[in-house]
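The values are calculated or read from the model by the stated rules, or taken from the named source; none is laboratory data. Because the structure is a prediction, the values reported are computed rather than measured. As a convention, Cβ positions derive from the backbone with ideal geometry for all residues, glycine included, and neighbour counts pool all protein chains shown.
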Amino acid sequence: MEENIYTEDEKELLGILEFLIHFHKTVEYENDEARAGGENIMKTFEAKKDEIINMVNKRFERLEKDNQAEGKDINSYYDEICTRCGFFSSYRPLQIVKDQKGYSFYEFYCPKCQKNFVAEFPFDDHEKLACMDAYIVMVSKKDKYGKAMIDHPNVPREVFDKFLKSTEAFREGIRKYDESKAAMIAFDGQCQKVVKQNLEVYRPIKKRIVANFFKTDIN
Ligand SMILES: [Zn+2]
């Protein structure tokens, strides 16, 4: 597992737990009762360690998935239609280009017309939605109920209505995604609080053990 997926607090806590587990393995117990007590404490440390590692792994997996879902991976392939010749294929981006509004688009190379083309929509979902909304405003007018009606000679009504529908579905998808993401961020914050609380519990235990160890050594 990669080291950098842990926060500093998580690294410190895992280090302390490792130390405590190691320490308890070396303790010589006076009797069976003491041994059972010691083994129980060890189990607590082991369980805490597993809990932290699991939590971090889950967060890492989720962040990986988020990054993929948000299309931030320039090394992936994307299904696109060449905006110059209409050739549909799976394209790997050449680079990222920005428009006047600052929206980011992938630029691809089309093997059919042998030219570079820029994707129709930005790869960021929010920017894409903003573009879709802007397009709707551009080709439509609002009826008396505020609903967008096609108002463009070259866009058939069915095509427009379909686009309107998919825009709303896309908006709803983003809303749900953002909602669950916000919940996960709040959850991560809670986890970090728990890690901090654990540090306050385990730091003094380690300190005491280290202090006692050196005391007996000197005596
Ligand atoms: Zn092309």
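For Ala34, state whether it is away from the ligand (no atom under 16 Å from the Cβ), surrounded by 12 or more Cβ atoms within 10 Å (Cβ to Cβ) and in a helix (DSSP H, G or I).
Numbers: away from the ligand (no atom under 16 Å from the Cβ): yes; surrounded by 12 or more Cβ atoms within 10 Å (Cβ to Cβ): yes; in a helix (DSSP H, G or I): yes.
It is true that Ala34 is away from the ligand (no atom under 16 Å from the Cβ), surrounded by 12 or more Cβ atoms within 10 Å (Cβ to Cβ) and in a helix (DSSP H, G or I).
Does Lys181 count as closer than 22 Å to Ile21 by Cα and at pLDDT below 95? Reasoning before the result, please.
Numbers: closer than 22 Å to Ile21 by Cα: no; at pLDDT below 95: yes.
Taking the combined requirement at face value, the residue does not satisfy it.
Criterion first (of a type in the set (Lys, Arg), over 30 Å from Leu199 (Cα atoms) and surrounded by 12 or more Cβ atoms within 10 Å (Cβ to Cβ)) does Arg84 satisfy it? Give the derivation first.
Values: of a type in the set (Lys, Arg): yes; over 30 Å from Leu199 (Cα atoms): yes; surrounded by 12 or more Cβ atoms within 10 Å (Cβ to Cβ): yes.
When the stated conditions are applied, Arg84 passes them.
The conditions are (1) of a type outside the set (Asp, Glu); (2) buried (at least 16 other Cβ atoms within 10 Å of the Cβ); (3) part of a strand (DSSP E or B); (4) away from the ligand (no atom under 16 Å from the Cβ), and Val56 fails exactly one of them. Which is it?
(3)
Filter the range 97-108 down to residues that are surrounded by 14 or more Cβ atoms within 10 Å (Cβ to Cβ) and not charged (D, E, K, R) and give me whichever is nearest to the ligand (Cβ to nearest atom). Show your work before the answer.
Keep residues of the range 97-108 that are surrounded by 14 or more Cβ atoms within 10 Å (Cβ to Cβ), which gives 97, 103-108.
Right, trim to not charged (D, E, K, R) and you get 97, 103-106, 108.
Working: Val97: 17, Tyr103: 22, Ser104: 21, Phe105: 16, Tyr106: 15, Phe108: 9 Å.
Ranking the qualifying residues of the range 97-108, first place goes to Phe108.
Scan the range 21-31 residue by residue and report those that are within 41 Å of the chain's Cα centre (by Cα) and either in a loop (DSSP other than H, G, I, E, B) or under 14 Å from Phe213 (Cβ atoms) (or both).
Within the range 21-31, the subset within 41 Å of the chain's Cα centre (by Cα) is 21-26.
Matches in the range 21-31: His22, Phe23, His24, Thr26.
Given (1) modelled with pLDDT under 95; (2) within 16 Å of the ligand (Cβ to nearest atom); (3) surrounded by 14 or more Cβ atoms within 10 Å (Cβ to Cβ); (4) of a type outside the set (S, T, N, Q), identify the lone condition not met by Asp79.
The failed condition is (3).
Quick check on the range 124-138: of everything there that is under 17 Å from Ser76 (Cβ atoms) and not basic (Lys, Arg), which residue is surrounded by the fewest Cβ atoms within 10 Å (Cβ to Cβ)? Break it down stepwise before answering.
Quick first cut of the range 124-138, residues under 17 Å from Ser76 (Cβ atoms) only: 124-125, 128.
Still in the list and also not basic (Lys, Arg): 124-125.
On the way: Asp124: 16, Asp125: 18.
Per the stated criteria, the residue is Asp124.
If you check Glu8, Glu12, Glu46, Glu18, which single one turns out to be in contact with a Leu (Cβ under 7 Å, 6 or more places away or on another chain) and at pLDDT 95 or above?
Numbers: Glu8 fails: in contact with a Leu (Cβ under 7 Å, 6 or more places away or on another chain); Glu46 fails: in contact with a Leu (Cβ under 7 Å, 6 or more places away or on another chain); Glu18 fails: in contact with a Leu (Cβ under 7 Å, 6 or more places away or on another chain).
Of the residues listed, the single one that is in contact with a Leu (Cβ under 7 Å, 6 or more places away or on another chain) and at pLDDT 95 or above is Glu12.
Considering only the range 139-157, state which residues are part of a loop (DSSP other than H, G, I, E, B) and surrounded by 12 or more Cβ atoms within 10 Å (Cβ to Cβ).
As a first pass, look at the range 139-157 and keep what is part of a loop (DSSP other than H, G, I, E, B): 143-147, 151-156.
Asp151, His152, Val155, listed by residue number.
Does any residue of the range 109-123 turn out to be more than 16 Å from the ligand (Cβ to nearest atom) and either more than 30 Å from Pro153 (Cβ to Cβ) or surrounded by fewer than 17 Cβ atoms within 10 Å (Cβ to Cβ) (or both)? Even if it seems obvious, please write down each step before you answer.
Initial filter on the range 109-123 (more than 16 Å from the ligand (Cβ to nearest atom)): 121-123.
Subset that is either more than 30 Å from Pro153 (Cβ to Cβ) or surrounded by fewer than 17 Cβ atoms within 10 Å (Cβ to Cβ) (or both): 123.
Among the residues of the range 109-123, at least one is more than 16 Å from the ligand (Cβ to nearest atom) and either more than 30 Å from Pro153 (Cβ to Cβ) or surrounded by fewer than 17 Cβ atoms within 10 Å (Cβ to Cβ) (or both), which makes the answer yes.
For the condition of a type in the set (Asp, Glu), touching a residue at least 60 places away in the same chain (Cβ under 8 Å) and either more than 15 Å from the ligand (Cβ to nearest atom) or loosely packed, with under 13 Cβ neighbours inside 10 Å (or both), what is the one hit in Asp66, Asp73?
Numbers: Asp73 fails: touching a residue at least 60 places away in the same chain (Cβ under 8 Å).
The match here is Asp66.
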